[in-house]
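The values are calculated or read from the model by the stated rules, or taken from the named source; none is laboratory data. Worth saying up front: this structure is predicted, and the values here are computed from it rather than measured. Backbone-built Cβ (ideal geometry, glycine too); neighbour counts: all protein chains shown. Quick note on the areas: whole protein, heavy atoms, side chains included, nothing else; ligands and nucleic acids left out. Shrake-Rupley method; radii C 1.70, N 1.55, O 1.52, S 1.80 Å.
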Amino acid sequence: MINSNKKFGVSDKIGYMFGDFGNDFFFIFVASFLMLFYTDIMGISGAIVGVLFLVARVWDAIMDVAWGRFIDSRKPGEKGKFKPWMMRMSLPLVIFGVLMFTKIPGMSNQFHMIYAFATYIIWGSLYSTVNIPYGSMASVITGDPTERASLSTFRSIGAAIAGTIVSVVVPLVIFVNNKADAGRFSMIAIVFAVLAMGCYSLCYFLTTERIVSQDAGKKLYWRVTLAGMKRNKPLIALICAALVLLVSTMLVSAMNSYMFKDYFHNTKALSIAGLISAVTPILLAPFIAPIIKRFGKKESASVAVFIAAIAYFVLFLFPGKNVTLFLGVMFIGYLGIGLFNTTIWAFVTDVIDYQEYLTDTREDATIYSMYSFARKIGQAVAGGLSGAALSAVGYVAGAPAQTEQVASSLKSFATLIPAIAYLIVFLILTFVYPLNKKKLEELTSNLKERHEIKAKNAEIIANQE
C-alpha cells in the first residue's frame, strides 16, 4: 500500500546513494586495510587475525538475522519503518570505527590482541544494526522494478565514490617510507567517521518510505518464513552466489595491499588499482539500465561475471612485474564484476518479492538479512582464508621485506581465487538462478494484482468499521 503523496524521484536516488556512501567509508577501509593495521601496526600474526575475522563474521551473520527479524516485527513510525533505526545506530557505529583503528601506546601484545577482538566484534555488530534497515529500505521506497534498479545503481555509485576515496587516498596517507603509520591510520578513521555521519543524515532526510505492507506489525512465524525460504530458489541461488563472490572480493581487497607492497614494490599502484575498482561502477552506470532493459538482469550479469573470470585467469598466468599491463587487464576484470555488483541490490529486492509470492507475507528485513547473512559468512571465510594464506606462504608480520617466493605466492592468491570464484558465480547465475527477464515480469504483475486486491479489501473493512 502506498503511504505517501510524494512521488519517487531524484531525491530518493541521491539519498539512497549517500547511505552506502556512508557505510563504505569504514566497510572498504576495514576490508582493505584492517588486516594490514593488525599485522604491521599491532604486531598480531596473520593466523590470529584470520581467527578473529572468522569469529567476528559468524557472529555478525547471526546479528544480521536477529536484527532483521526485530525490524520486521516493528510497526512503521512517522518517518517509516527502516530509516529511524539506521539513524539511531549510526553514531555508535562510527565511534567504534575510530576505536578499531586506534593503537594505545605502551600496552602489551596480549592487550592489543584482546583490544582488537573487542573493538572489531562490537563494530561489526553495530554495522548490522545500520546496514540491515538501510538495505531493506529499497523495497519500501518504491515497488517499481525499474525504479528499484535505479536505486541499486545509485547505491553502487555511492559505494564506488567511497571506494575511490578510500582506495586512492588511504594508501597515500598511511604509508611513510613504504611502512604503515599508526597515527595516520587513526587520523583517517576520524575523518571517515565525520563524513559517514554526514552521509547517514542525508540518506535519512532525502529518502521517503512509501510502501506500507498490509502485514506491517502482525505476528510473524519462523516456520512460515523458513518453509518459504526452502522453496525460494532465487534466494538460495543468490545466497550461494553471494557467498562465493564475497570470499573472492574480500580476499582480493585484503591481499592486494600485500601484493602491491611486496610483489610489485609499488604502493602507489595500489592506489591506482583502488581507483580502477571504485570508478568502474560509475563508468558503467549510464549503460546499466539500457543493458538490463534489453537483455535482463540475470542474462547481463552472467556474461559480465564470466568476463571477470577470464580476466583474472589471465592475471594469474601473467608473467613478470609490468604493473601497468597488470592494471590494464585488472580493469577488464573490474568492468565485468562491476556490472554485477551494480545490479546486485536489485536482485535482492526481486528475491524479497518472490518470498512474498510464496508466503503471501512481506518480510523485507528478514529476507534481506538472510542475504546479508550469506555476505557475512563470505567475509568470515575470506578473513580466515586471508590470514591462513599469509601464514601458509610464510609472510612475516612486521618484517622490513618478504622473500621473492612469498611475494609470488601472494600474487597467486590474489588472482587465482577470484578467477575460480567468478567462474562459479557465472555457473550459478546461468543454470540455477531462475528469474530471467520473462519470469521477473510475470512475478511483478502477479504481486501488483495481489496488492491491489489487499488494498481494496482493507478499504472495505475500514469503511465498515
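Full extension of the chain segment joining S11 with N109 gains 30.4 nm, where the gain is 0.36 nm per residue of separation less the Cα-Cα distance.
For the chain, return all DSSP H helices satisfying: extent of Cα atoms along own axis at least 24 Å; mean Kyte-Doolittle hydropathy at least 1.6.
Answer set is 182-206, 233-258.
Listed by chain and number, the aspartates and glutamates placed with their C-alpha closer than 14 angstrom to that of K261 are D40, E404; residues fewer than eight positions away on the same chain are left out.
Structural size metrics of the chain, computed from C-alpha coordinates, are Rg and Dmax of 22.1, 80 Å. Rounded to the nearest 20, the size of the Cβ-charge dipole of the chain about its Cα centre is 320 debye, with Lys and Arg at +1 and Asp and Glu at -1. Measuring with a 1.4 angstrom probe and ignoring ligands and nucleic acids, D350 comes out at about 10 Å² accessible. Between A66 and T430, the distance separating the two model label sites (each 7 Å from Cα on the Cα→Cβ line) works out to 4.1 nm. Of the residues V314, G336, V351, the one whose Cα sits farthest towards the positive end of the charge dipole of the stretch 293-358 is V314 (charges of +1 on Lys and Arg Cβ, -1 on Asp and Glu Cβ, taken about the Cα centre). Listed by chain and number, the aspartates and glutamates whose alpha-carbon sits under 20 Å from that of K437, ignoring those within fewer than 8 places in the same chain, are D144, E147, E299, D350, D353, E356, E449.
When ranked by the protection proxy of mean other Cβ atoms within 10 Å per residue, highest first, what sequence do the peptides 30-42, 164-176, 180-192 form?
30-42, 164-176, 180-192
What FRET efficiency, computed as 1/(1 + (r/R0)^6) with R0 = 30 Å and r the Cβ-Cβ distance, is obtained for T146 and V169, rounded to the nearest 0.05? The computed FRET efficiency comes out at 0.30.
Rolling a 1.4 Å probe over the protein heavy atoms leaves W67 with an accessible area of roughly 40 Å². Once the 1.4 Å probe is applied to the protein heavy atoms, the chain comes out at 41 Å² accessible per residue. Segment K233..K437, full-extension length gain: 71.9 nm, with 0.36 nm per residue of separation and the alpha-carbon distance subtracted. The slack between V176 and L283, meaning 0.36 nm per residue of separation minus the straight C-alpha distance, is 35.3 nm.
For the stretch 95-142 versus the stretch 249-321, the inter-centroid distance based on Cα atoms is 27 Å.
Taken about its Cα centre, the stretch 420-460 carries a charge dipole of about 40 debye when Lys and Arg each add +1 at the Cβ and Asp and Glu each add -1 at the Cβ. The accessible-area ordering, largest first, of the residues V49, V323 stands as V323, V49, per a 1.4 angstrom probe.
For the chain, relative contact order (Cα pairs under 8 Å, six or more residues apart, normalised by length) works out to 29 percent.
Annotation for E452 and L317: the two label points, set 7 Å from Cα along the Cα-Cβ direction, are 5.5 nm apart. A helix-only calculation puts the chain at -28000 deg cm²/dmol for mean residue ellipticity at 222 nm, using -39500 (n - 2.57) for each DSSP H run of at least four residues, averaged over all residues. Give K230/K411; K13/K321; K13/K411; K233/K376; K6/K438; K13/K179 a once-over and call out the pairs whose C-alpha atoms are over 32 Å from each other. Checking Cα-Cα distances, K230/K411; K13/K321; K13/K411; K13/K179 exceed 32 Å.
Kirkwood analysis of the stretch 226-314, using all unique Cα-Cα pairs, places the hydrodynamic radius at 15.8 Å.
Under 17 Å of direct C-alpha separation, and excluding same-chain neighbours fewer than eight residues apart, K454 reaches these lysines: K218.
For a label point 7 angstrom out from the Cα of S73 toward its Cβ, which stretches of the stretch 353-377 have the backbone nitrogen within less than 14 Å? 366, by backbone N distance to the label point. The separation of the stretch 35-66 from the stretch 398-427, counted between C-alpha centres, amounts to 19 Å. Annotation for K219 and K293: the two label points, set 7 Å from Cα along the Cα-Cβ direction, are 4.8 nm apart. Of the residues P281, L151, Y221, the one whose Cα sits farthest towards the positive end of the charge dipole of the chain is Y221 (charges of +1 on Lys and Arg Cβ, -1 on Asp and Glu Cβ, taken about the Cα centre). Between the listed residues M113, G22, G46, the Cα displaced farthest toward the positive end of the dipole of the stretch 1-124, a dipole computed from Cβ unit charges relative to the Cα centre, is found at G22.
Largest first, the residues R223, R155 sort by 1.4 Å accessible area into R223, R155.
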